Amino acid sequence: MNSMNEPAFIVRPKGARICAALVLASAAVRFAWFLLAHGAGANAYTAVVHLALPELSCILLAVFILRGALRLCTIPVGLGCLFFVLKALSFPSRLHTVLCCILYALVLTLYAATAFGLLRTRVPLCLVFTLPFLYHIFVEDLAKLRAPVPPTPVEWLPELSVLLIMAALAAAAWSMERINHKAA
């Protein structure tokens, strides 16, 4: 049985580097979008929710994942989920908002349960990061690109930022390896 003091999983170094590179790319894309779309004219709420919160989440995730601190990664994953919940509150459909909030709660719960060794497998975490990523690309994003008036490059940057985060988390999850602790 795994003690709460012993890590249950590690992320292989290559997976950690891929995750860190993708979240840092996401942070750069989001920063560029914020400057292009809002500049100095953004109000405090917009600056905090749409820039500071996701930037902090990305930077902390990159630092913690490169240090192999999967449990500490729960903090930036939680911050990222908070960002997505706040974003979902602006959706026109209440059903979409509720479903997204449930998804983000599930993401945080599965991440924490996996990182702290409460789940003995990484598969649910891999699926919760991979399936929404694929849905975004093949359903939502293709529909937007095929629209009569597709998004401008600046309008597309927030989605690119989100896709990079989703890809980073999926890469980290698929790179997780269970640690076999020997009985004392």
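General observations
- Residue match in the stretch 116-129 (condition: among the hydroxyl-bearing types (Ser, Thr, Tyr) and loosely packed, with under 15 Cβ neighbours inside 10 Å): yes
- Note on the stretch 1-87: enclosed helices (runs of 4 or more DSSP H) holding 3 or more residues that are open to solvent by 30 Å² or more (accessible area, probe 1.4 Å) and modelled with pLDDT of 95 or more are 13-37, 53-66.
- Considering residues of the stretch 151-169 that are open to solvent by less than 20 Å² (accessible area, probe 1.4 Å), closer than 23 Å to Phe64 by Cβ and not β-branched (Val, Ile, Thr) only, the residue nearest to the chain's Cα centre (by Cα): Ala168
- In the stretch 170-184, the residues that are open to solvent by less than 30 Å² (accessible area, probe 1.4 Å) and either of a type in the set (Phe, Trp, Tyr) or part of a helix (DSSP H, G or I) (or both): Ala170, Ala171, Ala172, Ala173
- Flag if Thr109 is in a helix (DSSP H, G or I), among the polar types (S, T, N, Q) and in contact (Cβ under 8 Å) with a residue 24 or more places away in the chain: no
The values are calculated or read from the model by the stated rules, or taken from the named source; none is laboratory data. Note that this is a predicted model, so its numbers are computed, not measured. All Cβ positions, glycine included, derive from the backbone under ideal geometry; neighbour counts span all protein chains shown. Side chains are part of the model used for accessible areas, which takes the heavy atoms of the whole protein and leaves out ligands, DNA and RNA. Shrake-Rupley method; radii C 1.70, N 1.55, O 1.52, S 1.80 Å.
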